[in-house]
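Heads up, the thing below is written out as structure tokens.
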Amino acid sequence: MLAKIGMTPLKLRPKEGLAIMNGTAVMTGLACLAWQRADYLARMATRLTAFNVLSSDGNAHHFDETLFAAKPHPGQSRIAARLRSDLHSERPPRNEQRLQDRYSLRCAPHVIGVLEDTLPFLRQLIETELNSANDNPLIDADGERILHGGHFYGGHIALAMDTLKNTVANIADLLDRQLALVVDARYNHGLPANLSAATGPRAAINHGLKALQISVSAWTAEALKQTMPASVFSRSTECHNQDKVSMGTIAARDCLRVIELTEQVVAAMLIAARQGLALRERVGMNAQLHGSLADMYADLGSASPWSKKTARWIANCGNCWWRSARNAGSCMSVNEGNELVGEVELAPAFHDCDPMNVVWHGNYFKYFEIARCALLKRYDYDYPQMLESGYLWPVVDARVKYVRPLLFGQALRVRSRIVEWENRLKIEYEILDAESGQVLTRAMTIQVAVDAASKEMLYQCPPVLWQRLGVPAP
């Protein structure tokens, strides 16, 4: 395989093979990835807090510089300074309507600040481990001695990952609470319930971002459940030779799962931020956007145009943020006779899986989405072309039959086939083992056409679909 792709095999020197297989090397590599993603989450959570303060007509004076000088944790103070910069509020006026906001807004620097203050300490632990020898035994060439020790023990990384997943999970919980305030008409100070912008007789049956909030609540609950420290669950093994182990690799894997869930919360919050600020502008906003906050809001507007009725654009917008399709390998479409068939090759990523290396069921739909996009792209009718043609295509039904579990790193083929296109777009899927061809999962999705201008559902697929697919009109 290496010769095929023009690479020369790496020749390991004595003991190097064992060194790179050591669990401490794995957990340290995972810790590097986790630290970088957590650092970005701290910045995103701060920016989203600024958006939510504006959406809920909140108080910028909660982040006053003099106030934070009285409790000068460095990271906490940096978060407050970033909020003052985003809100353009070095000397903010007091809100005449209320003196204090709820904790999830008022105490945001204190929550995010814990992560911000923890990151430098954890980086020190990770970098020290990364530049250490964790092999055993070590050879003292100068002293001509063989030194037997326990440098393979990953206790520092285990501590770092257990600590990081707790601080990150608190970020997910903070944003979940902020979203609960912003979508609730009792607490968002003048915005409609669920951030629905529907008006007129259909307003009562539009649910806005209700499903989005339910999803955020579920992701947050799962993240919080994962915060049990792994490092305290040491198990004796190898006839009690390894009678005390660090559990650091499990801690690192758990940490990455918590980070992935929190990233999903952040992606949802970006959607809510766009909708909430658009609605606040409609009813009257008492502040103005400046600098990078204004730039990001404009970028969000271009990626996710706000919904005047309900959040039908959520599926499309979600593809723009934190897209996991980077795990997909080659994408192709095949034509079996006159059938409309597509095929995608991929391998589940580490963060798609549970601690047993089995793919979480929710990620199956990500693979179906990747296959669906590949198939529709073949006919120049993926999501951008759908919008350009004047139609939205929300998924209104999805069903899955699990045959065998999908595993981390397993080579998979996801086949998609369009089976109906007259009154609805029905696509069937099969996930197969790429080597044996065995069917592992079967599924189907149904999409209906919605007029992008009126937001009315059509009961017959528009002619543009038949033209793109090259099928006769019914």
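The values are calculated or read from the model by the stated rules, or taken from the named source; none is laboratory data. Everything numeric in this text was worked out from a predicted model, so none of it was measured. Note that each Cβ is placed from the backbone with ideal geometry, even for glycine, and that neighbours are counted across all protein chains shown. Each accessible area value is taken on the protein alone, full model and side chains, heavy atoms only, with ligands, DNA and RNA left out. Shrake-Rupley method; radii C 1.70, N 1.55, O 1.52, S 1.80 Å.
Here are a few things to note about the model shown:
- The accessible area of K225, taken with all protein chains in place and a 1.4 Å probe, comes to roughly 140 Å².
- Simple point charges give the picture: +1 on the Cβ of Lys and Arg, -1 on the Cβ of Asp and Glu, and for the chain a dipole about the Cα centre of about 1000 debye.
- Value of [θ]222 nm, deg cm²/dmol, for the chain, DSSP H segments ≥ 4, -39500 (n - 2.57) each, nearest 500: -14500 deg cm²/dmol
- Accessible area (Å², 1.4 Å probe, nearest 10) - S215: 40 Å²
- Protection proxy ranking of 351-363, 184-196, 282-294, 259-271 - average other beta-carbon atoms within 10 Å, highest first: 259-271, 184-196, 351-363, 282-294
- In order along region 347-353, phi translates into HN-Hα couplings of 9, x, 7, 4, 6, 7, 10 Hz, rounded to whole numbers, per the Karplus curve 6.51 cos²θ - 1.76 cosθ + 1.60 with θ = phi - 60° and x for Gly and Pro.
- For F152, F63, the ranking by accessible surface with the largest value first comes to F152, F63, using a 1.4 Å probe.
- Amide H contacts under 5 Å for Q242: T237, restricted to partners 5 or more places along the chain or on a different chain, H placed in the peptide plane at 1.01 Å from N.
- Overall size of the chain from C-alpha positions, given as principal axis extents largest first: 84, 70, 37 Å.
- With the highest mean first, a sort of the peptides 69-75, 124-130 on other beta-carbon atoms found within 10 angstrom per residue produces 124-130, 69-75.
- Structural descriptor for region 336-474: relative contact order 27 percent, calculated from alpha carbon pairs under 8 angstrom and at least 6 residues apart.
- Heavy atoms of I205 accessible to a 1.4 Å probe, total area in Å² rounded to 10: 110 Å²
- Cβ-Cβ FRET estimate between H290 and D184, R0 fixed at 25 Å, reported to 0.05: 0.35
- Mean sequence separation of contacting Cα pairs (under 8 Å, at least six apart), scaled by the length of region 368-448, corresponds to a relative contact order of 32 percent.
- As a length-normalised measure over Cα pairs under 8 Å and 6 or more apart, the relative contact order of the chain settles at 12 percent.
- Restriction of the chymotrypsin sites (Phe, Trp or Tyr not before Pro) in region 391-474 to DSSP coil positions whose beta-carbon has at most 11 other beta-carbons within 10 angstrom yields Y459.
- The spread of Cα positions in region 121-174, taken along each principal axis and listed from longest to shortest, comes to 56, 15, 10 Å.
- Calculated P(r) tail over 22 Å for region 137-290, as whole % of Cα pairs: 59 percent
- Mean-position separation - Cα centroids, region 369-406 and region 24-55, in angstrom: 30 Å
- Here region 216-289 and region 109-128 have alpha carbon centers that stand 15 Å from each other.
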